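The values are calculated or read from the model by the stated rules, or taken from the named source; none is laboratory data. In this text, all values refer to a predicted model and were calculated from it rather than measured experimentally. Note: ideal-geometry Cβ built from the backbone for every residue, glycine included; neighbour counts use all protein chains shown.
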Amino acid sequence: MSKKSTRDAGIERMAEVMREFMARAVLFQDAVARVGGINSTDMQAVSLLMSEGPATPGELAQRTGLTAGGAITAVVDRLERAGYVTRERDAGDRRRVIVTAQADTVLDRVGPIYGRVGQRWADYLATLTDEQIEFANELFARAAEINREEIEVLRGG
């Protein structure tokens with residue numbers, strides 16, 4: 001019976017750590033959404049509107065992977081009722097509707113949570129060397145890219 005190399009054991013541990021991180025990230029986002037009075041799918045839609053800008057319902061459906069029909073309409077309806085988004089007619093094409101995140105509402109309802117977590121991360125990152133931070137940035141950027149690519153595969157794109 002062969003012993004596992006230190007590298008093999010480290011790679012195996014990394015897989016465990018990544019699974020744990022991804023699961024905790026999903027559960028954290030769900031908990032934040034609930035504190036904010038919405039569900040996690042709706043919170044992700046608001047997050048995408050905040051980071052990528054306003055969108056038509058169809059564009060938001062593409063970003064989230066929801067269908068352009070009833071599912072995305074229900075998300076936008078719930079978010080509008082909760083005050084997280086507004087819907088306005090496109091000035092250039094009155095047939096189009098643009099959905100815009102209400103940043104003040106988002107920051108008021110969930111900003112303190114992200115601020116607290118951000119501060120905890122900042123405190124931890126202050127203990128790392130520049131090289132460790134550079135590596136962490138590369139690792140997380142690559143993990144995000146792999147996840148983005150796999151989402152496209154799963155969605156049939």
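So here's what we get for this one:
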item	result
Every pair of residues 6+ apart whose Cβ atoms lie under 6 Å, when the first sits in the stretch 86-103 and is touching a residue at least 40 places away in the same chain (Cβ under 8 Å) and of a type in the set (Val, Ile, Thr) while the second is surrounded by 15 or more Cβ atoms within 10 Å (Cβ to Cβ) and in a loop (DSSP other than H, G, I, E, B)	ILE98/PRO54; THR100/PRO54
LEU66, sole failed condition from (1) under 26 Å from PHE140 (Cα atoms); (2) in a helix (DSSP H, G or I)	(2)
Selection status of ARG109, more than 19 Å from ASP42 (Cα to Cα), outside any loop (DSSP other than H, G, I, E, B), within 18 Å of the chain's Cα centre (by Cα) and of a type in the set (D, E, K, R)	no
Residue list for the stretch 60-76, restricted to those being touching a strand residue (DSSP E or B) at 6+ places or on another chain (Cβ under 9 Å) and surrounded by fewer than 19 Cβ atoms within 10 Å (Cβ to Cβ)	GLN62, ARG63
Selection count, the stretch 38-85, where residues are touching a Lys or Arg at 6+ places or on another chain (Cβ under 7 Å) and either modelled with pLDDT of 95 or more or among the hydroxyl-bearing types (Ser, Thr, Tyr) (or both)	8
Count of the stretch 117-145 residues which are of a type in the set (Val, Ile, Thr), over 20 Å from PHE28 (Cβ atoms) and surrounded by 10 or more Cβ atoms within 10 Å (Cβ to Cβ)	1
Whichever residue in the stretch 41-59 is assigned to a helix (DSSP H, G or I), surrounded by fewer than 18 Cβ atoms within 10 Å (Cβ to Cβ) and among the small types (Gly, Ala, Ser) and, among such residues, is nearest to the chain's Cα centre (by Cα)	SER51
